[in-house]
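Following: one structure in structure tokens, then a few remarks.
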Amino acid sequence: MPRPRPKVVTLTDAAAARMQEIMSDAEAGYIGVRIGVKNGGCAGMEYAMEYATEAAPLDEVVEENGVKVLIDPKAILFLLGTQIDFVTEKLSQRFVFNNPNQTDACGCGESVTIVPAAADA
């Protein structure tokens with residue numbers, strides 16, 4: 001019997017609610033949120049989020065709480081097991097990536113160091 005495949009990302013209720021709110025205020029034609037990682041910052045990598053108008057052929061698609069999240073195939077091993085949350089603090093609101101593959105972050109929190117998960121994770 002094959003082992004169940006883990007979700008690349010999961011959303012907390014707060015993250016899903018905020019994404020739904022943002023999508024409802026956005027222009028028509030967006031199908032979801034695209035998530036990935038890119039090189040940048042002093043720690044080496046940055047998380048990237050943007051509106052998605054269509055799914056690319058190799059995108060990983062996760063649907064949770066009415067939100068469609070499209071994950072760049074190059075980012076899958078970097079994001080495997082990540083929980084995305086939305087937090088409100090005294091003076092700020094932001095999405096937080098709780099990523100088990102993240103090993104470090106820069107002091108300002110804008111960039112991170114991520115090691116890819118094992119392909120059989």
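Taken together, the values in this text are just the output of simple stated rules run on the coordinates, not laboratory data. What you see is a predicted model; the values in this text were computed from it and never measured. For neighbour counting, all protein chains shown are included, and Cβ atoms are generated from backbone atoms with ideal geometry for every residue, glycine included.
Within region 51-121, which GluC sites (Glu not before Pro) sit in a loop by DSSP and count at most 13 neighbouring Cβ atoms inside 10 Å?
Details: sites: GLU54, GLU60, GLU63, GLU64, GLU89, GLU110; in loops: GLU54, GLU89, GLU110.
The qualifying sites are GLU54, GLU89, GLU110.
For the chain, with only Lys/Arg (+1) and Asp/Glu (-1) charged at the beta-carbon, what is the dipole magnitude about the Cα centre, in debye rounded to 20?
Dipole magnitude for the chain comes out near 280 debye.
Would you calculate the separation in nanometres between label points at ALA28 and TYR51, each defined as 7 Å from the Cα along the Cα-to-beta-carbon direction?
1.3 nm
Where Rh is the Kirkwood radius over the Cα pairs of the chain, the temperature 10 °C and the viscosity 1.306 mPa s, what D in µm²/s does Stokes-Einstein return?
Values: Rh = 15.1 Å.
It diffuses with D of about 105 µm²/s by this estimate.
Note down the net charge around PRO73, summing +1 for each Lys or Arg and -1 for each Asp or Glu among other residues with Cβ under 13 Å from its Cβ.
-1
Using a 10 angstrom cutoff on alpha carbons, build the Gaussian network for the chain and name the most mobile of VAL96, VAL33, VAL67.
VAL96
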